Each structure stands twice: as structure tokens, then as C-alpha cells.
Amino acid sequence: MGSIWSQTCSIGRRPPLRGHLKTQAAVVGAGMAGVLTAYALQQAGLSVVVLEADRIAGGQTQNTTAKITSQHGLIYSRLIQSFGEETARRYAKANQDAVRAYQDLIDVQGISCDWEERCAYLYGPDVTVLQEEAEAARRLGLPASFTREVSIPIPHDGAVCFEGQAQFHPLKFLKVLADQLTIYEQSRVLTAEGDLLTTELGSVQAEHIVFACHFPFVNFPGMYFARMHQERSYVLALQGAPPVDGMFLGVGRDTFSLRTYGELLLLGGGGHRTGENTEGGRYDLLRRKAREWFPRARRPPTGLPRTACRLTMCPISAPTLPAIPAGMWPLGSRSGV
């Protein structure tokens, strides 16, 4: 199943790893997190190799809704309660700094990736909860406010608005960076022992190993398999829907996501824990909601695809970095890349 991103941008194939290499840093996974990490390490002067089991950006990255935002649901009030205001402020600053870092990198590299600055809205029915989240985010230095003025037909009573966020085309962005890196495709890492990674046809010896592949597969001492789980969500591309002014994410269960790409509206939702959709019907849900909220919309005649993305969920709304052997670095994530 393709996506709007993979149908509008192609990334050249790379050969698999054959033989043995020695490098300062090896990154496992060539999605957004892996490529950005490898690029940063290379810019810092390290020799870097990236190993990808399938294709560059062939997983979550090509199926994402591609919102660049420090807003990730109702997290900041909970972070303050769980970890204290200072830790929550560092987390908030790191996320907002990352939004600016994307913009800076695009400017420096001259990347044409349909970057558009947008407000990000977190909408829902509970005004009190939304107001508390807006106040918590504002206390942490984020550009947040509560509003009742939201330009979507989905039922809601208010929203948290984050200004200065953005949306883009992830593959157009990633392609430029990937072209500057040594990446081996079809090179699934089978074992990671000490400083050695082995694939079916080769091996890499590295001083530092970064896992950017959803689940780090070194099970101990991190025990990631017990701390994390997979969820799945779905997106339809719609043509002829009225434009929405911003990026939108609902609060709670059975909520929906919206953003535009050119003349298309991307409607996402139907999320569930992986394995719980045995009877199917999640795309039917999106089609029903599209007819209800956007009666003039239609699927594009070119058959631009419906897509599904997979998220790695942690038990807390912050990066998870348990212990792992020396020299190995898992990329911590609240919910995937």
C-alpha cells in the first residue's frame, strides 16, 4: 500500500551491505529518526553507516501525517504532575527547538519540501481539561492558548492552539539528507553483540550503535518488549473538501486528525492497538465520517491511496530510555518517529 508521499516522491535504491565494515557510528533504521541522527553525527565529524532492513523511509515515515509540532496530545499537564515543572520545561523546550531545527536545516540545505507554517490545534469536548493543558504548556514556555474558534466541522467545545508549528512533505525532505549518507538497504540486522552488528551478507563494527527501528531488539537490560506496544492508525486523502486552517488532533479515544496537502484534505483516525482490528472496517469509518463532515468531498480520481501507519507507544508520555549495553543508544519515543 502506497501513500500520498511515496506516490509524489521517489528515493533511489541502495545496494545491500556485503562484507565487513568498520565505522565510528552505525544507525539501525533509515526512517526519519535514523536519517536525521546519521546526518547529525556525520555533521559532527563521525564516520557513519546506516543499515535498513527494507527501503529508505519505507515504514512509518512514508505513512505519517507529517506534522512538525511540539504538541502531542494532553501531555504537558501530566508531565508537570509526574516529573515536576523543570523536567517538563526541558522536554517542552527540546520539542519546540526541534521545530525550529527543521526550519533551519531546510534553509541551510535549500530543501524544497512543501514546508508550511501552521497552527496546531488539540480539540475536544472538555473545556476544563483543554484550558488546563493550555495553561500548563504556556507555563513551560510554549506558544499555547485556549480557543473556542476552530474551523472544523467535527464536534468540539474548544481547543488548545500552538502557534509556530509546521507541516511538510517528509520524503522530499528526507531524500536530500539521505543522498549525503552511506545507507545500505535490504540489510536487516540479525544480531547486535558488543560493537558488532551482523546482517545476512555482512557485518559492521562500530564504536556507537543507534537503534532507530521502533523496538530496540536488544531485549536486556532494557526490556523494551514489556514497556512498549504497537498501535495502528489510518488516513484517507479527500478532494473537494473545504480547506481547514491549521493542523488538528482530537483528544481521547475515537478521535480524528486533519491537515491539508495542496488541494487534498488528509483525514486520519480509527486508531487501535495492533491486533484488535480483526473484523476490519476502519477505512469504512473514515469514509462515513468524511461523508458526514465533508459531504462534497470525494476520493481523488487518480486513486491517491489510503494509508495506515504504525506507532510505538510507551507507558508514559515522554521519551523512554532504560538501560542498554554501553555503546548502544536507543532512540526514545513517546509514540514513534
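No value in this document is a laboratory result; all are computed from the given coordinates. Computed from a predicted model, the values in this text were never measured in an experiment. In this analysis, Cβ positions are derived from the backbone assuming ideal geometry, glycine residues included, and neighbour counts consider all displayed protein chains.
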Cα-projected label distance for residue 93 with residue 188, points at 7 Å along beta-carbon direction, nm: 4.3
When the convex hull of the C-alpha atoms of the range 5-108 is computed, what volume per residue in Å³ does it have? 152
Prolate/oblate/rounded label for the range 114-218 (Cα gyration tensor, a/c 1.5): prolate
For the range 183-192, 3J(HN,Hα) per residue [Karplus equation, 6.51 cos²θ - 1.76 cosθ + 1.60, θ = phi - 60°, Hz, x = Gly/Pro]: 10, 10, 8, 6, 10, 5, 6, 8, 9, 9
Looking at the square roots a ≥ b ≥ c of the eigenvalues of the Cα gyration tensor of the range 41-180, which shape do they give, rounded for a/c under 1.5, prolate if a/b is larger than b/c, or oblate? prolate
The range 1-144: relative contact order from alpha carbon pairs under 8 Å, six or more residues apart, as a whole percent, is 20
Taking amide hydrogens as modeled 1.01 Å from N in the peptide plane, which residues meet the under 5 Å criterion relative to residue 210, leaving out close sequence neighbours? 26, 27, 28, 329
Burial ordering of 135, 149, fewest other beta-carbon atoms within 10 Å first: 149, 135
Once you put a point 7 Å from the Cα of residue 180 and another 7 Å from the Cα of residue 163, both along the Cβ direction, what distance in nm separates them? 3.1
